[in-house]
Every structure is written in structure tokens, then in C-alpha cells.
Amino acid sequence: MASKLLCLHGFLGRPSDFDFLKDDYDIYAPDLSHLVELNLVSLINKLNERIKLSEYHIVGYSFGARLGAAIYNVMGKKNKLICLAGHLGLKTIAEIKHREVIECKFLQQINKLDESEFLSYWNKLDLFKDDTPLSNINMNNAQLYFKNYGLSKQL
């Protein structure tokens, strides 16, 4: 029987980002844009309505890594957690304040740009200068990733 994986995509990602694992694993990859409107406990409850969460290892990419770590901690650190390219926390109040400024800028861009303009803006950020540019994004509830689950919120 294949291992069960809860696969959590990054900001602007899609469940299909994990399709490459389907041949070897039993994966459940929810569309997080439909879940970020919920608080963490409600999000976990919603996942548990769909799957038996305790049976799944968690694989998270970027935003999904941070969310996966939070779920893992709430679930009592059962099974395994694999975090890919995720920032798992800030250490000082100054770092949190600095991150709040950055997230505020992101929110301003989300609110004023259309999808293609935001995609261009996002791909030009220094953080992603060496990455393959994103070309297909999911803007549903994009602002809620930062409002409810931003790095400055310290899950």
C-alpha cells in the first residue's frame, strides 16, 4: 500500500503542483486558496472531514511548508513532516515588524494589479530571480494567505 501524503502547495500554487507524486503515493492535495479563509483549527477540521489526517505524512512547499508545520504541531507531531523551501519562523520583534511591512506591500499589489500584472510583479522579486517564472497562478483569496497566515503571524 502506498504511503499517504497530504501535499500543501505554496502561495499562488495549485494542487496539481504535486501530480508528479501520484504514481508512487496516495496523495491528497487540497486547493489552499479555498482554505486560507479559515483559522488553523477550522482548517484542520475541514481537512479531517475530507481525509483521516492522522494517516497522512505532510509535504509542504513554501507557504505549504509553514502551514504543514503548524498542522503537524497541532496534530501532535504524528507521522512525518517534509518542509520544502519554507521559512519556519522569525526570531525577533524587529524581524516580525519588517515582515509586516513586506506583507503590506504584497497586499497592496494584490489589490491593485490584475492577475497577469501581479504575476509579472511577483516573478521580478529578488527572492525569485533564479527561479523558473510562475506562469499559471491561482489568485482566489490571495490576500488571505497574508492576512490570515502571513509569516508575520508566526503560526
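The values are calculated or read from the model by the stated rules, or taken from the named source; none is laboratory data. A quick note: this is a predicted structure, and the numbers were derived from the prediction, not measured. Positions of Cβ are generated from backbone atoms using ideal geometry, with glycine treated the same way; all protein chains shown enter the neighbour counts. We work out accessible area using only protein heavy atoms, side chains counted, and drop any ligands, DNA or RNA first. Shrake-Rupley method; radii C 1.70, N 1.55, O 1.52, S 1.80 Å.
Counting Lys +1, Arg +1, Asp -1, Glu -1, what net charge surrounds G60 among other residues with beta carbon under 13 Å of its beta carbon?
So the environment of G60 carries a net charge of +1.
Keeping the other protein chains in place, figure out the carbon and sulfur percent of the accessible area of the range 1-80, with a 1.4 Å probe.
Numbers: 1830 of 3970 Å².
On the range 1-80, the fraction of accessible area on carbon and sulfur atoms equals 46 percent.
Under a point-charge model restricted to the Cβ atoms of Lys and Arg (+1) and Asp and Glu (-1), what is the dipole moment magnitude of the range 11-82 relative to its Cα centre, in debye to the nearest 20?
Dipole size: approximately 340 debye.
For the charge dipole of the chain, defined by +1 on Lys and Arg C-beta atoms and -1 on Asp and Glu C-beta atoms about the Cα centroid, which residue among S33, G10, S152 has the Cα displaced farthest towards the positive pole?
The residue sitting farthest along the positive end of the dipole is S152.
What does the net charge come to around E37 if you take all other residues with beta carbon closer than 11 Å to its beta carbon, with K and R at +1 and D and E at -1?
Numbers: positive: K46, K147; negative: none.
Surrounding charge for E37 is +2.
Count the DSSP beta bridges whose two residues both fall in the range 1-144, then state the antiparallel fraction as a percent rounded to the nearest 5.
Counting DSSP beta bridges with both partners in the range 1-144, the antiparallel share is about 0 percent.
Quick one: with all protein chains in place, what share of the accessible area of the range 96-144 is carbon or sulfur, to the nearest percent (1.4 Å probe)?
50
With a cap of 14 neighbouring Cβ atoms within 10 Å, and only residues DSSP puts in a loop, list the GluC sites (Glu not before Pro) found in the range 18-101.
Passing both the DSSP loop test and the Cβ count: E37.
Taking a label point 7 Å from the Cα of K91 along the Cα→Cβ vector, which residues of the range 65-83 have an amide N closer than 16 Å to it?
none
Tell me, what is the 1.4 Å probe accessible area of S33, in Å² to the nearest 10?
Per-residue accessible area (S33): approximately 0 Å².
How large is the dipole of the range 64-144 about the Cα centre if only Lys and Arg carry +1 and Asp and Glu carry -1, each at its Cβ, rounded to the nearest 20 debye?
So the dipole magnitude of the range 64-144 works out to roughly 520 debye.
At 1.4 Å probe size, put M139, M1 in order of accessible surface, largest to smallest.
Highest to lowest solvent-accessible surface, that is M1, M139.
Just need log10 I(q)/I(0) for the chain at q = 0.08, 0.13, 0.20, 0.21 Å⁻¹, Debye formula, equal scatterers on the alpha-carbon atoms, no solvent, rounded to two decimals.
-0.23, -0.61, -1.39, -1.49
Taking all protein chains together and a probe of 1.4 Å, list S54, S135 from the most accessible to the least accessible.
My answer, sorted largest first, is S135, S54.
Could you sort out which of K97/K147; K105/K147; K91/K153; K22/K77; K97/K124 sit more than 18 Å apart by Cα distance in this structure?
K22/K77; K97/K124
Under the rule of at least 5 residues apart or a separate chain, name every residue whose amide H is placed under 5 Å from the amide H of I27.
Amide H neighbours of I27, under 5 Å, 5+ apart: L5.
Using a probe radius of 1.4 Å on heavy atoms only, what accessible surface per residue do you get for the range 1-120? Whole Å² is fine.
Details: 6750 Å² over 120 residues.
Ligands and nucleic acids excluded, the result is 56 Å² per residue.
How big is the charge dipole of the chain about its Cα centre, in debye rounded to the nearest 20, if each Lys and Arg gets +1 on its Cβ and each Asp and Glu gets -1 on its Cβ?
Value, rounded to 20: 640 debye.
Please label the shape of the range 1-74 as rounded, prolate or oblate, based on the square roots a ≥ b ≥ c of the eigenvalues of the alpha-carbon gyration tensor (a/c under 1.5 means rounded; beyond that, a/b larger than b/c means prolate, else oblate). Don't skip to the answer; put the middle values down first.
Values: a/c = 1.70, a/b = 1.23, b/c = 1.38.
Since a/c reaches 1.5 but b/c is at least a/b, the shape of the range 1-74 is classed as oblate.
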